[in-house]
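Novice: So that we are looking at the same thing, I have put the structure below in structure tokens.
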Amino acid sequence: VPELDTWRTGISFVEPGRIVVRGYELPDLVGRATFGELVYLLVTGRYPTSKQGRMAEAVLVALADHGVHAPSVLATRIAASAGSPLQASVAAGIAAVGDHHGGALAGAMQMLEGIRSAGPHDATMRRAAELRVEEALRDGTRLPGFGHPYHRPDPRAQALHRVVNQLGCSGAATSALGLVTESLSASGRALMPNVDGAAAGVLLDIGVEATIGRGFFLVARCAGLVVHAIEEQQRERPFRTIAPEHVTYDGPDPKTRASPPCGANSH
Ligand SMILES: CC(C)(COP(=O)(O)OP(=O)(O)OC[C@H]1O[C@@H](n2cnc3c(N)ncnc32)[C@H](O)[C@@H]1OP(=O)(O)O)[C@@H](O)C(=O)NCCC(=O)NCCS
């Protein structure tokens, strides 16, 4: 029977004067590992090659911030404007990450993993991509990692693609992303990969598992959320809200309602 107060972890341990992370003495990493390399080490348990580290770093940079109107940033700034402390404001932004924002990274990784596993032949991967696109169009569901409300194409996806090409580390998942794009285009949908789609290909190709996808977004976006919360509180008037004239009430008109019965709650 395991003791209730016994914990185990393969991530890190600490004893007086010593900190070990994933089998490395932390002081040895300080000044040597970039933040991207450290995140890669933490999530995979392996020290990255220089290319893997640079790609992990590139993904973190691409995801760190995306303006006030991104749902996570908006939620953080509203909470900060209401006077919530920094950590609560950042937590509000983290809570606004969902399947349609940030969370699409994990979904895109799962999708590309499925198409990649139909390989190694181009033809079988292409068929798997076509089937996935046909399924989405038939069911009216959205392919994670494709489309964007403002960017056509998403410059962050293009930038990641450029770095992948520069470093020569394109792999089967990035190819799978291209096959989905081609299948969409052949079906008459000119949807391009967004940053989540591009990051999904990169992360799978450098050996990151799909289960950590959403976590990668959270780690990166925290940097942006922290400064948005601070800027909101330092520069803006508190209690930011929506102007009442921008809100439409379409519930019942009180004139159509009978008066509430007296003592409705008494027994
Ligand atoms: C991000 C997103 C919400 C932006 O949507 P948008 O540009 O405002 O596009 P709309 O919601 O107006 O959709 C326009 C059309 O394209 C389709 N479409 C948009 N994104 C699609 C996708 N990823 N897969 C399939 N169809 C998609 C919509 O179904 C809609 O079709 P319709 O006109 O036949 O109804 C949308 O592309 C999406 O849900 N993508 C998947 C989730 C994702 O990757 N999110 C991360 C964003 S960085």
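Novice: List the chymotrypsin sites (Phe, Trp or Tyr not before Pro) in region 1-95 that DSSP assigns to loop (not H, G, I, E or B) and whose Cβ has at most 14 other Cβ atoms within 10 Å. Which are they?
Specialist: Values: sites: TRP7, PHE13, TYR24, PHE35, TYR40; in loops: TRP7.
For chymotrypsin sites (Phe, Trp or Tyr not before Pro) across region 1-95 that sit outside H, G, I, E and B with at most 14 neighbouring Cβ atoms in 10 Å, the list reads TRP7.
Novice: Please work out the average accessible area per residue across the chain, using the 1.4 Å probe convention, and give it in Å². Kindly include the intermediate steps, with their values, before the conclusion.
Specialist: Numbers: 16210 Å² over 267 residues.
For the chain, the per-residue accessible area is 61 Å².
Novice: Ordered by residue, what ³J(HN,Hα) values in Hz, to whole numbers, does region 61-68 give under the Karplus form 6.51 cos²θ - 1.76 cosθ + 1.60, where θ = phi - 60° and Gly and Pro are x?
Specialist: Going residue by residue, I get 5, 5, 9, 5, 7, 8, x, 5 Hz, with x marking Gly and Pro.
Novice: Relative contact order for region 1-53: what is it in percent, counting Cα pairs under 8 Å that are at least 6 residues apart?
Specialist: Numbers: 37 pairs, mean separation 12.3, N = 53.
Contact order relative to length: 23 percent.
Novice: Another one. Return the equivalent ellipsoid semi-axes of region 18-108 as a descending list in whole Å, where each equals the square root of 5 times an eigenvalue of the C-alpha gyration tensor.
Specialist: On the way: eigenvalues 182, 59, 25 Å².
Largest first, region 18-108 gives 30, 17, 11 Å.
Novice: May I ask you to work out the translational diffusion coefficient for region 1-58 at 10 °C, viscosity 1.306 mPa s, via Stokes-Einstein with Rh from the Kirkwood sum over Cα pairs, reported in whole µm²/s? Please list the in-between numbers first.
Specialist: Details: Rh = 12.7 Å.
The Stokes-Einstein estimate is 125 µm²/s.
Novice: Which chymotrypsin sites (Phe, Trp or Tyr not before Pro) in region 150-254 pass both tests, a DSSP loop state and at most 12 other beta-carbon atoms within 10 Å? Write out the running numbers ahead of the final one.
Specialist: Values: sites: TYR150, PHE216, PHE217, PHE239, TYR249; in loops: TYR150, PHE239, TYR249.
For chymotrypsin sites (Phe, Trp or Tyr not before Pro) across region 150-254 that sit outside H, G, I, E and B with at most 12 neighbouring Cβ atoms in 10 Å, the list reads TYR150, PHE239, TYR249.
Novice: Follow-up question, since we're still on this one. In the chain, which longest range has no GluC sites (Glu not before Pro) that are both DSSP loop (not H, G, I, E or B) and surrounded by at most 14 other Cβ atoms within 10 Å?
Specialist: Values: sites that count: GLU3, GLU209, GLU236.
The longest such stretch corresponds to 4-208.
Novice: Now, a different point. If R₀ is 35 angstrom, what is the calculated FRET efficiency for the pair THR6 and GLU209, using the beta carbon separation as r and rounding to 0.05? Provide the component values of the computation, followed by the final result.
Specialist: On the way: r = 27 Å, r/R0 = 0.77.
After rounding, the FRET efficiency stands at 0.85.
Novice: Compare LEU112, LEU38, LEU26 in a GNM of the chain, Cα atoms joined below 10 Å, and give the one with the largest fluctuation.
Specialist: Most flexible of the set in this elastic network: LEU26.
Novice: Using only the Cα atoms of region 136-235, each taken as one equal point scatterer with no solvent, compute I(q) by the Debye sum, divide by I(0), and report log10 of the ratio at q = 0.10, 0.12, 0.16, 0.23 Å⁻¹.
Specialist: At q = 0.10, 0.12, 0.16, 0.23 Å⁻¹ the computed log10 ratios are -0.34, -0.48, -0.78, -1.27.
Novice: Over the Cα atoms of the chain, Rg to Rh with Kirkwood Rh, two decimal places?
Specialist: We get a ratio of 1.09 for the chain.
Novice: Count neighbours as other Cβ atoms within 10 Å of each site's Cβ, and list the trypsin sites (Lys or Arg not before Pro) in region 2-98 that are DSSP loop with at most 14 such neighbours.
Specialist: Values: sites: ARG8, ARG18, ARG22, ARG32, ARG46, LYS51, ARG54, ARG77; in loops: ARG8, ARG22, ARG32, ARG46.
When the trypsin sites (Lys or Arg not before Pro) of region 2-98 are filtered for loop state and at most 14 Cβ neighbours within 10 Å, ARG8, ARG32, ARG46 remain.
Novice: So what is the calculated 222 nm ellipticity per residue for the chain, using -39500 (n - 2.57) for each DSSP H run with n of 4 or more, over all residues, to the nearest 500 deg cm²/dmol? Could the numbers behind the result be given before it?
Specialist: Details: 11 runs with 142 residues, N = 267.
Value at 222 nm, helices only, nearest 500: -17000 deg cm²/dmol.
Novice: Between LYS255 and SER185, what FRET efficiency follows from the Cβ-Cβ distance if R0 is 35 Å, with the result rounded to 0.05?
Specialist: Working: r = 54 Å, r/R0 = 1.54.
After rounding to 0.05, the efficiency reads 0.05.
The values are calculated or read from the model by the stated rules, or taken from the named source; none is laboratory data. Given the structure is predicted, the values throughout are model-derived calculations rather than measurements. FYI the Cβ positions are ideal-geometry reconstructions off the backbone, even for glycines, and counts take in every protein chain you see. These accessible areas exclude ligands, DNA and RNA; they are computed on the full protein's heavy atoms, side chains included. Shrake-Rupley method; radii C 1.70, N 1.55, O 1.52, S 1.80 Å.
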